[in-house]
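Beneath this line is the structure, given in structure tokens, with notes to follow.
Read-outs: derived from the displayed coordinates by stated rules, not from any lab. Keep in mind it's a predicted model, so treat the numbers as computed, not measured. Backbone-built Cβ (ideal geometry, glycine too); neighbour counts: all protein chains shown.
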Amino acid sequence: MRVFCVAGGLISTLLLVEPLQGQESKPESFRSRDVGLDLSVDFAEERLSGSMTLEIENWTKEPASRVSFLLNRLMEASAVRDGAGTPLNFTQDVVRFLDTPMRQVTQVLVDLGKPVPPGGHTVVRLDYAGNLVGYTEVGWLYVKDRIDTAFTIIREDALAFPRIDGVVDASNRRVPTVPFTYRASVRVPSKYVVAAGGKPSRVINADGTTTWKYVSGVPSPFINIAIAPFDTLSQGGVRLFFFRGDSIGARRLMSGAQAALILLTAWFGPLHSPLNLTITEIPDGWGSQASLVGGIIQTAAAFRDSTHMGELYHELSHLWNAPDLENPSPRWNEGYAMFMQDLLHERIDAWPKRRESEIEDIATVKKMIAADSSMRRVPMIDYGTANKTGRSYRVGALMFATLFDLVGQQEFNKIVGGYYQQFGPGGTTRDFINFAKRTSSRDLTGFFDDWLLSTRWVDVLANSTSISDLVAHYRRGAATRERLPMFPTI
Ligand SMILES: [Zn+2]
């Protein structure tokens, strides 16, 4: 079983409810670009309190002067200020989501005083406090969040800190989200350890508490802060936080990470910046999530079960992706990471099922094609604009598996690693295609025309049941291929 990493977070995948007629409203005009979180946790009262300072951006084409923040239903804002510390007018109330009435939140409506122009930024600081409760009643069974000495998680899913959103899911999903930078500071009694993604530091206070700080440095899709009496392991830029009793699993995970990093470096060359990755164990049933910056949270079962190693390899493989300059991105690098997770699993853990898994993937993609005619219309390069990046995982994995066998590992490494090394600031799909074509001793024009620029791969796949069938097609086609017209893109 392989798990897909979701840049937008768990919630976005779980909210695929159809909007109720007539309940769509204008989406929020602002989104966060940088946040500073400063919290204290009171375990006796099961409360947290503090502030969040957000640099927000008006992403729309019209000026805007009002922001809606959502907080956990048992939390309350006590003050709202601008970047200069001047109080801003606000109202707050506990309200229901219009299209998910079971979901109750504290909505804080803030008047910014003056309109922010399109593309403009402003700073808002909210002081807030309250009890943290989960959202299992909405059907999010993994959101069991509460302040607990055994394990506490502070995350957006339970609105443990303010999030810009309205109370209509259908409208919220229309806001183009972007990752954001963060600084998180959390004060806890000194016997607890605070785990989060980013560069860590801590200050021991005179009152028996410790303030832990994590700085993301570069943008992250989320903040997850876990608090528990964790044990820790650290090696080569990888920090592991784990529950006492799971040290065997933690050591296995660490040695797998180190083995993967050694192989990836040998194949694709050195990383542009030092690795700084946090992996945190959370209890079973609390959801898993992964980002290189925001860190990986992984349930205890994954720590104890070696079949989950692929998820870790997937995330580590992403380290060798040049930033994708297309907006929205078609995210074929997810296909690359899906392929790499199986390859690394095979090479490091002697996993015997890579070929079996490829055959299953081919069958699954054939079913996707049969079920959805747009698979034949939208080429992979347009998955971003067509909002179909969920397909990039499996279709992209087939493309990279075919490329790997077609050109061989040595040339594959030169293509993938060379592109990463040469396109440090970033590149586009066409940059990648051109680089691969220049690098390979084989003519890859038809291959990329089929897989990235058109949907001709669908017909090639129809006659294939394995990656070797796909490779045989491109070996045969090399001598006789003629350029066919592109399928129309949408
Ligand atoms: Zn991924």
Residue order, fewest to most beta carbons within 10 Å, for His314, His272, His473
His272, His473, His314
Using Cα-Cα distances under 8 Å and only pairs 6 or more residues apart, what relative contact order does the stretch 346-419 have, in percent?
22 percent
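If you average the sequence gap of Cα pairs under 8 Å that are 6 or more apart and divide by the length of the chain, what percent do you get for the contact order? Mind showing how you got there, number by number?
Numbers: 985 pairs, mean separation 59.1, N = 490.
Relative contact order of the chain: 12 percent.
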Just to check I understand the Karplus step: with θ = phi - 60° and J = 6.51 cos²θ - 1.76 cosθ + 1.60, what whole-Hz values come out for the stretch 453-468, glycine and proline as x?
9, 9, 10, 5, 4, 4, 6, 5, 5, 4, 9, 10, 10, 9, 5, 4
Go through Ala79, Thr136, Gly120 and say which Cα lies farthest out towards the positive end of the charge dipole of the stretch 1-178; charges sit on Cβ, +1 for Lys and Arg, -1 for Asp and Glu.
Gly120
Which semi-axis lengths, in whole Å and largest first, follow from the square roots of five times the eigenvalues of the Cα gyration tensor of the stretch 321-480?
21, 20, 17
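In deg cm²/dmol and to the nearest 500, what is the mean residue ellipticity at 222 nm of the chain if only DSSP H runs of at least 4 residues count, each as -39500 (n - 2.57), divided by the residue total?
On the way: 13 runs with 146 residues, N = 490.
For the chain, the value works out to -9000 deg cm²/dmol.
Would you mind getting the Kirkwood hydrodynamic radius of the chain from its Cα pairs, rounded to one decimal in Å?
On the way: mean 1/r = 0.0414 Å⁻¹.
Taking every pair of different Cα atoms in the chain, averaging 1/r and inverting gives 24.2 Å.
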In degrees from 0 to 90, rounded to the nearest 10, what is the angle of the helix 247-268 Cα long axis to the longest principal axis of the chain?
50 degrees
Treating only the Cβ atoms of Lys and Arg (+1) and Asp and Glu (-1) as charged, compute the dipole magnitude of the stretch 125-255 about its Cα centre; round to the nearest 20 debye.
480 debye
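Taking all pairs of different Cα atoms in the stretch 62-220, averaging 1/r and flipping that mean, what Kirkwood radius in angstroms comes out?
Values: mean 1/r = 0.0572 Å⁻¹.
Result for the stretch 62-220 stands at 17.5 Å.
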Report, for the chain, the % of DSSP beta bridges that are antiparallel, rounded to 5.
85 percent
Using Cα pairs closer than 8 Å and at least 6 residues apart in sequence, work out the relative contact order for the stretch 380-471, in percent.
37 percent
Spin-label proximity, Glu45 to the stretch 119-148 - amide N less than 20 Å from point 7 Å beyond Cα toward beta carbon:
126-134, 146-148
Which value in nm describes the separation of the simple spin-label points at Val95 and Lys366, placed 7 Å from the Cα toward the beta carbon?
5.1 nm
Residues of the stretch 73-105 with backbone N under 17 Å of the label point set 7 Å from the Cα of Asn387 along Cα→Cβ are 99
With labels modelled as points extended 7 Å from the Cα through the Cβ direction, what inter-label distance (nm, one decimal) is found for Ile204 paired with Arg475?
6.4 nm
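How would you rank 350-357, 118-125, 317-324, highest first, on the average number of other Cβ atoms within 10 Å across their residues?
On the way: 350-357: 12.9, 118-125: 15.9, 317-324: 19.4.
By packing density, highest mean first, the sequence is 317-324, 118-125, 350-357.
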Relative to the chain, whose Cα atoms define the longest principal axis, helix 392-407 and its Cα axis are tilted in degrees, nearest 10, by 40 degrees
